[in-house]
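These notes are about the structure you will find just below.
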Amino acid sequence: MLFILLVLALLASCAACALAWALTARVKKVIGATPDVASIRSAAEVSVEQGTRIAGLDGLVDVAGEPFSLPVGSAQPWVLAFQSLGCAGCRQQLPGYRKFLEEHGVPAERAISLAIGDPADLGWLRSGLDGVGRVVHVDQNSPVVANLQISHWPTYLVVGPDDRVLFSTRSSARLTAPDPRNTVRASAPAA
C-alpha cells in the first residue's frame, strides 16, 4: 500500500513538472524569446538617454514671476525635473527630491522643476521646493518637454557642464545612486 502511494506521489510530481515546463515553453512562444530582465528594468528607469543634449529655452518665467533661462552652458552640473501637478507620484517623491537637493548643496538656480498641469495646483510644488529650486509652469507641448519626449512624470535629469544628460531617472530615490551624487557633489561650490 505504501509503495502505491509513493508511486502516485511520484507521478503527481512528474505531472506538475511537465505542466510547469509546458507553461514556460508557452510563455516563451508568446513573447518570442526569453525576456532580458536587465533591459526591462533599465527601460523602466531611464526615460531620457544618457548623452542627450539639453537645449536652452528663452523667455522662461518662474512661478514667482521672475524671468530666467535654463543654465545651459554652465560650468557646473544642474538638475532638471519634470513634474505633473496632478501626479500622485510627483507629490510622493517631492520630499526625496528636496532632500537630494539640500544634501548635495545644489543651488536653487541649478535646480529647475518644469511643471505641467493646472496652474491652480502649483501650491504643493512651490511650498515643497521653497528656496531649494526654481519652479516653472510649462505647457505639455513646451519645446523642452516635446524635444526630450517626456512622457513619464516625474522625470529627473542631472545635466553636465556640456549640456548633456549625465543621469536620468523617474525615481527621486535613485538620485542618490553613486553617479549623480558624485557628479553634483564634486561640482558644488565650497561653502
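The values are calculated or read from the model by the stated rules, or taken from the named source; none is laboratory data. Only a predicted model underlies this, so the values are computations on that prediction, with no experimental measurement involved. Methodologically, a virtual Cβ is constructed for each residue, glycine included, from the backbone with ideal geometry; neighbour enumeration extends over all protein chains shown. Side chains included, ligands, DNA and RNA excluded: accessible areas come from the protein's heavy atoms. Shrake-Rupley method; radii C 1.70, N 1.55, O 1.52, S 1.80 Å.
Using a cut-off of 14 Å between beta-carbons, work out the net charge of the residues near residue 87 (Lys and Arg +1, Asp and Glu -1, residue 87 not included).
On the way: positive: 91, 170; negative: 118, 121.
Local net charge: 0.
Obtain the nm distance between the two label points defined at residue 126 and residue 164 by a simple spin-label model: each point lies 7 Å from its Cα along the Cα-to-C-beta direction.
That separation, rounded to one decimal, is 3.8 nm.
I'd like the accessible area for residue 124: 1.4 Å probe, protein heavy atoms, all chains in place, Å² to the nearest 10.
Accessible surface of residue 124 is approximately 40 Å².
Length gain on complete extension for the stretch residue 12 to residue 50, per 0.36 nm per residue less the alpha carbon to alpha carbon distance? Numbers along the way, then the final one.
Values: separation 38, 0.36 × 38 = 13.68 nm, distance 5.16 nm.
Additional length available on full extension: 8.5 nm.
With each pseudo-label sitting 7 Å past Cα toward Cβ, what's the residue 3-residue 58 distance in nm, one decimal?
Inter-label distance under the simple model: 9.4 nm.
Apply the Karplus curve 6.51 cos²θ - 1.76 cosθ + 1.60, θ = phi - 60°, to the phi angles in the stretch 72-86 and return the couplings in whole Hz, x for Gly and Pro.
5, x, 6, 7, 10, x, 8, 10, 10, 10, 10, 10, 10, 5, x
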